[in-house]
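Below is one structure, written out as structure tokens; the observations come after it.
The values are calculated or read from the model by the stated rules, or taken from the named source; none is laboratory data. All values reported here derive from a predicted model rather than from experimental measurement. As a convention, Cβ positions derive from the backbone with ideal geometry for all residues, glycine included, and neighbour counts pool all protein chains shown.
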Amino acid sequence: MKNEGENDHLKGRIRDLWRGASQQEYMTHSRFLSLAEQADAMDVLSAEGAPAAQGRAGEGPFWLLRGGTPEADRRILICCPSWMEMPEKDPGEIDGGLICCLRAEPKSERFTDHPGHRDYLGALMNLGFTREQIGDIYADEGGAWIFMMKEMSEVVIRELISVRHTAVKVREVPLEACTAAQRTEVLSGSIASERIDCIVAMAFHLSRGQAQSLIEAEKVYSGGRIVSGPAYRPAPGERISVRGKGKFIYLGVRGTTRKGRMQAGVSMFV
């Protein structure tokens with residue numbers, strides 16, 4: 001968790017990025033931001049009166065968040081001057097020069113112990129990369145999809161040769177051809193109300209008291225922010241993270257049970 005000084009530095013950087021685009025008319029961008037950092041960035045942009053992507057040139061400067069996939073957690077902030085146009089058919093064109101997708105695969109299926117997300121992240125950081133240079137990593141049985149700042153791709157392709165005890169080879173894949181995705185599973189259950197403690201208890205099969213203890217311990221996040229209390233009511237579409245448990249997207253109430261309780265759904269990341 002960032003301290004107050006680091007948060008102030010981030011907010012100052014976001015402010016500078018927006019003013020570079022809106023006042024000096026050139027495109028600016030951040031490195032990869034965590035969900036919490038994105039929430040802080042939204043506060044700064046709101047205070048600056050900065051609008052999100054509007055779609056056409058001539059309507060003023062705009063900003064957008066991109067991570068390589070629509071469901072990405074870690075994303076970069078792109079601030080665009082008024083003369084730029086948001087591509088209507090493929091918004092990904094705007095970040096094509098900033099983000100790359102790499103595919104890492106074992107050199108031999110016979111000698112792999114199937115490294116996971118943490119193994120790939122550790123291997124990249126052992127090469128000297130910082131967390132802000134690395135986006136989402138999706139590990140699967142055949143290897144991993146790695147999103148990076150494009151300027152780092154050649155170094156990774158050349159130097160990432162081993163992950164844990166597995167020899168790997170790395171190649172770049174066009175963003176439009178990347179099939180990386182976090183697997184999700186839709187779950188549903190009954191809740192007494194749309195309070196966050198009820199939703200967390202339902203999602204992770206906990207008692208309401210256990211869910212409240214997690215909230216009191218500041219282990220529950222919504223949109224990257226610590227949930228302040230058990231009475232918080234997330235809106236459908238909000239991404240909820242529980243440290244040590246997992247994360248899900250709240251889908252909202254989908255009906256009622258025979259006993260009159262609300263039937264709610266969540267999309268769990270697995």
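Can you name the number of the only condition in (1) closer than 30 Å to PRO236 by Cβ; (2) touching a His at 6+ places or on another chain (Cβ under 9 Å) that TRP145 fails?
Just one mismatch for TRP145, condition (2).
Taking the criterion of being among the aromatic types (Phe, Trp, Tyr) and out of contact with any Leu (no Cβ under 8 Å at 6 or more places or on another chain), would at least one residue in the range 212-229 satisfy it?
No, there is no match, as no residue in the range 212-229 is among the aromatic types (Phe, Trp, Tyr) and out of contact with any Leu (no Cβ under 8 Å at 6 or more places or on another chain).
Within the set of pairs 6 or more residues apart or between chains, which connect a residue that is without any contact (Cβ under 8 Å) to a residue 24 or more places away in the chain inside the range 134-154 to a residue that is small (Gly, Ala, Ser) and buried (at least 22 other Cβ atoms within 10 Å of the Cβ) with Cβ atoms less than 6 Å apart?
That search, which allows pairs on different chains as well, returns ILE137/ALA144.
Give the residues of the range 21-55 that are surrounded by 19 or more Cβ atoms within 10 Å (Cβ to Cβ), closer than 20 Å to GLU151 by Cα and polar (S, T, N, Q), sorted by residue number.
THR28, SER30
Is it true that some residue in the range 151-170 is touching a Pro at 6+ places or on another chain (Cβ under 6 Å) and surrounded by fewer than 18 Cβ atoms within 10 Å (Cβ to Cβ)?
Yes, the range 151-170 contains a residue that is touching a Pro at 6+ places or on another chain (Cβ under 6 Å) and surrounded by fewer than 18 Cβ atoms within 10 Å (Cβ to Cβ).
Please tell me if LEU102 is at pLDDT 95 or above and part of a strand (DSSP E or B).
Against the criterion (at pLDDT 95 or above and part of a strand (DSSP E or B)), LEU102 qualifies.
Mind checking which residues of the range 221-270 are outside any loop (DSSP other than H, G, I, E, B), within 14 Å of the chain's Cα centre (by Cα), of a type in the set (D, E, K, R) and more than 19 Å from SER207 (Cα to Cα)?
Start the filter on the range 221-270 by keeping residues that are outside any loop (DSSP other than H, G, I, E, B), which leaves 221-222, 225-226, 239-242, 246-256, 262-269.
After this cut, where a residue has to be within 14 Å of the chain's Cα centre (by Cα) as well, the list is 221-222, 225, 239-241, 246-249, 269.
Those still in the list that are of a type in the set (D, E, K, R) too: 225, 239, 247.
ARG225, ARG239, listed by residue number.
When the range 21-49 is examined, which residues are found to be among the small types (Gly, Ala, Ser) and either more than 22 Å from MET152 (Cβ to Cβ) or touching a Phe, Trp or Tyr at 6+ places or on another chain (Cβ under 6 Å) (or both)?
The answer is ALA21, SER22, ALA36, ALA39, SER46, ALA47, GLY49.
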